[in-house]
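Below: the structure, in structure tokens.
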Amino acid sequence: MSIELQDLELLTAVRDFTFAHPHPMVSTFKPGMRNWGDEWRAVEPQHLPAAEHVESGLRHARALTRPLLQTFAAHRHRLRWEQSYRAGDGLVSEAMLEDYAFADIIGLHGPFVSDRIRSGILVFGPGIDYPSHHHAAEEIYILLAGNADFELHGEAPARRRAGDVVYVDPNRPHALATRKKALVIFYLWQGGDLRQKSDFD
């Protein structure tokens with residue numbers, strides 16, 4: 001089965017963005033992105049309302065983040081948008097469940113299948129509190145659009161904006177809160193269970 005052209009465009013965009021990114025902590029994820037694997041499988045699209053924040057986020061993007069955000073916006077209706085949490089879990093608020101979503105490009109569920117690294121796009125609407133949580137994988141958030149207050153265990157909360165990089169050590173509790181703008185993030189995970197549902201503090 002040949003790789004669909006649109007998926008190849010997404011793969012090229014996320015890899016090129018990662019390889020060109022100057023932040024030193026992003027470099028630790030480059031080997032995994034270079035050697036993600038070789039399996040592709042078609043993924044059935046699934047839409048969630050939060051996905052529409054990707055296009056609106058282009059108004060707040062910066063030069064470094066705009067090309068990747070434009071690619072995600074162009075393909076947003078083809079992606080499989082998901083949520084890790086459900087209303088019955090009691091882990092996150094109803095407001096968050098109504099206005100957040102993520103879509104993997106590389107990872108265990110594909111479309112580019114990898115047990116080495118996971119990457120994709122994560123969206124939070126305005127006024128969302130994502131409570132303190134942790135997971136075994138190390139993670140990088142690269143903010144593509146919007147802003148949020150991030151809190152990493154042991155540090156004071158800090159406002160992060162489009163273009164900023166937030167590195168999260170394995171098992172380090174972290175939280176975020178959006179304000180008046182939606183937040184669009186490119187994420188990278190490696191190590192641990194790449195599909196682990198976070199533990200909450």
Say R0 is 22 Å: what FRET efficiency, to the nearest 0.05, do residue 64 and residue 34 get from their beta-carbon distance? 0.60
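Using only helices, what value at 222 nm comes out for the chain when you add -39,500 (n - 2.57) per DSSP H run of length 4 or more and divide by the total residues, to the nearest 500 deg cm²/dmol?
One gets -5500 deg cm²/dmol as the mean residue ellipticity at 222 nm.
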Would you list the P(r) distribution for region 30-140, with all Cα-Cα distances sorted into 10 Å bins from 0 and each bin expressed as a whole %? 13, 39, 40, 9, 0
Could you give the length gained on full extension between residue 23 and residue 56, defined as 0.36 nm per residue of separation minus the Cα-Cα distance, in nm? 9.3 nm
By the gyration tensor of its Cα atoms, with a ≥ b ≥ c the square roots of the eigenvalues, what is the shape of the chain: rounded for a/c under 1.5, prolate for a/b over b/c, or oblate? rounded
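Could you put 181, 30 in order, starting from the residue whose Cβ has the fewest other Cβ atoms within 10 Å?
30, 181
None of the figures in this text is laboratory data; all of them are computed from the coordinates on show. Just so it is clear, the structure is predicted and the values come from calculations on it, not from any experiment. Counting neighbours? That spans all protein chains shown, and the Cβs are built from the backbone with ideal geometry, glycine included.
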